[in-house]
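I have placed the structure first, in the form of structure tokens, so that the comments after it can refer back to it.
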């Protein structure tokens, strides 16, 4: 089998059924409205005491996550990344990000942690 083959059989390794067809994953991604999302803003410290603001709890598509992350990073003039429902912005920007999220309609956004 070629290494470049991109077929995913959902964990099946072998089947004796000659008519085997893998099940397709047709689960729609959840896109909750902004006022229903529960976002938490954490301050984490990494190597050398560097701080980063972490936003956890985003429920939505990867595109909308990336769009929100880009907006927050631009408003804070900082770097960062977004994946798996978590947005990381370099630096301690919790107050500024909380105000931005509340203005965008994320009424359940709160500071959490330390």
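The values are calculated or read from the model by the stated rules, or taken from the named source; none is laboratory data. As the structure is a computational prediction, the values presented were derived from the model and not from experiment. All Cβ positions, even for glycine, are placed from backbone atoms using ideal geometry, and neighbour counts span all protein chains on display.
Only one residue in 46, 11 is more than 12 Å from the chain's Cα centre (by Cα), modelled with pLDDT under 90 and at positive phi, so which one is that?
Of 46, 11, the one residue that is more than 12 Å from the chain's Cα centre (by Cα), modelled with pLDDT under 90 and at positive phi is 11.
I'd like the full set of residues that are surrounded by fewer than 16 Cβ atoms within 10 Å (Cβ to Cβ) and assigned to a strand (DSSP E or B), limited to region 67-81.
Residue satisfying the conditions is 81 alone.
Based on what the data block shows, is residue 96 in contact with a helix residue (DSSP H, G or I) (Cβ under 8 Å, 6 or more places away or on another chain) and at pLDDT 95 or above?
yes
Scan region 82-93 residue by residue and report those that are within 17 Å of the chain's Cα centre (by Cα) and surrounded by 13 or more Cβ atoms within 10 Å (Cβ to Cβ).
82, 85, 86, 87, 88, 89, 90
Output yes when any residue across region 35-50 is in contact (Cβ under 8 Å) with a residue 40 or more places away in the chain, in contact with a strand residue (DSSP E or B) (Cβ under 6 Å, 6 or more places away or on another chain) and assigned to a helix (DSSP H, G or I), and no when none is.
no
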